1. By per-residue mean of other Cβ atoms within 10 Å, what is the highest-first order of 181-190, 411-420, 230-239?
2. Please compute the length gained on full extension between residue 388 and residue 172, using 0.36 nm multiplied by the number of residues separating them and subtracting their Cα-Cα distance.
3. Report ³J(HN,Hα) in whole Hz for each residue of segment 211-227, in order, from the Karplus equation J = 6.51 cos²θ - 1.76 cosθ + 1.60 where θ = phi - 60°; Gly and Pro get x.
4. Given the chain, what count of lysine pairs have C-alpha atoms under 19 Å apart, with each pair 8 or more places apart or on different chains?
5. So how do 210-217, 93-100 stack up, highest first, on mean other-Cβ count within 10 Å?
6. Give the whole-number value, in cubic angstrom per residue, of the convex hull volume spanned by the C-alpha atoms of segment 104-195.
7. Test of understanding: express the Cα radius of gyration of segment 299-375 as a ratio to 2.2 N^0.38 Å, with N the residue count.
8. Per the 1.4 Å probe, what fraction of the accessible area of the chain, in percent, lies on carbon and sulfur atoms?
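The values are calculated or read from the model by the stated rules, or taken from the named source; none is laboratory data. Just so it is clear, the model here is predicted, and its values are computed rather than measured. Cβ placement follows ideal geometry from the backbone for every residue including glycine, while neighbour counts extend to all protein chains displayed. Only protein heavy atoms, including side chains, enter the accessible area calculation; ligands, DNA and RNA are left aside. Shrake-Rupley method; radii C 1.70, N 1.55, O 1.52, S 1.80 Å.
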Amino acid sequence: MSAVVIVGAQFGDEGKGKVTNFLAAKADMVVRHQGGANAGHTVVVEDRTFKLHLIPSGILYPNKISVIANGVVVDPEDLVTEMDYLLSQGITLDGLRISTQAHLVMPYHKRLDALQEGRRGDARIGTTLRGIGPAYMDKAGRTGIRVGQLKSPAEFRELVHQQAADKNRIFVEAGEEPEDPDAMADRYLSLGERLLPYLVNTPALINDALDHEENVLFEGAQGSLLDIDHGTYPYVTSSHPVAGGACIGAGVGPTRIDQVYGVLKAYTSRVGDGPFPTELAGSLAHEIRERGQEYGTTTGRPRRVGWLDGVALRQAARVNGMTGVAITRLDVLDGLPTLQIATRYRYPDGSVSADLPEDVSTLALAEPEYAITPGWDAPTTGARRLEDLPAAARHYLDRIGEITGVPVVMVSVGAERARTIVTGSLF
Ligand code: IMP
């Protein structure tokens, strides 16, 4: 039996989709346990590229169970669109399972997201505007509506009325149109018809699978530095992308998790606002962005890019209890003369630290100290074993292993499944 958690070790967009898809081949079940349609997972299967937001990439394989677990916030508009997209691509949804306990993202959550971002002005978070924060606020405030409530139309309509009355006060005060609760309830109940066949008790389903020694892969969304507790608060998402989030968001105990693989890009990217100590500007940033096609899968926004941040990675390795790292996009660095890895932060008062500071205002003052390592000329995309890589590339990977204190288990040198170097036993 093996339960493997895949987490993002940076600010999201680390290439988790590729790593998850690679491991999904050996999994019986793939579980999404946090976040919502803010995520965008690009998965290349043979010569076809799929962009998924809510449905785990296990769906691309026949005979696997793909679970949207209780910790996810589900926007039925997005989910039904994604289901139709997959069906139009000839993908069967027979393996899909959705938690009755997952919370719904309602139309007013998306509007509140936009309203809150507008009010923040220059202090905006740069959210994906998918209603994620407001949906989790309602969940924590115990005013959320759960997917399972779509099974009881009268009760659901009543809850929508209660919530609309509350939210409409905010919209009217802001000079905006109020929501029509009946139109909203009608629309969601009709979308709900499409979801009902897939609703199950997912914690029971997942625990049963583990009891039967099945391989279960927990597919994280976003990244550790966007975690609401361990990230760069308040420039974070509203869920727990760290490995512990898999336990809560899927309903499994920590003792059941066997491996935690942190996925990290060979450089860093961030989409949205907030401090980014190793951020690059100018022509080098442009070159890396274009080579890596660093544009958001969900929003199309250009991503900010920078050097690898060893301080942040070390913290990510710790808070996730990583047992291995998977490094993606090594090929994007091919041909750069030198590479830099931040090893410590220096502050204006002269102090130096190898730990990520607890607050974002201190992080904003951090000046990274870099270790400079040589680049490599030869393309890495053809490498299938570590020995095929240039010595400087191997040295770079070794440095990452040293900094995180975790063995490198996989290296990705291109989007396609075959462009992968496996350096450890993965399941
Ligand atoms: P939210 O999750 O839409 O509330 O956005 C909060 C922050 O998380 C913003 O900086 C977003 O850009 C970032 N974010 C959310 N989802 C993703 C993702 O899947 N990849 C990268 N960044 C994300």
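1. Order by mean packing, descending: 230-239, 411-420, 181-190.
2. Values: separation 216, 0.36 × 216 = 77.76 nm, distance 6.29 nm.
Length difference between fully extended and current span is 71.5 nm.
3. Computed from phi, the couplings for segment 211-227 are 4, 8, 6, 7, 8, 10, 10, 9, 9, x, 10, 6, x, 4, 7, 9, 5 Hz.
4. Taking the Cα cut-off of 19 Å, the pair count is 15.
5. In decreasing order of mean packing, 210-217, 93-100 become 93-100, 210-217.
6. Values: hull volume 8.5 nm³, N = 92.
Expressed per residue, the convex hull around the Cα atoms of segment 104-195 is 92 Å³.
7. 1.25
8. Heavy-atom surface of the chain belonging to carbon and sulfur, 1.4 Å probe: 50 percent.
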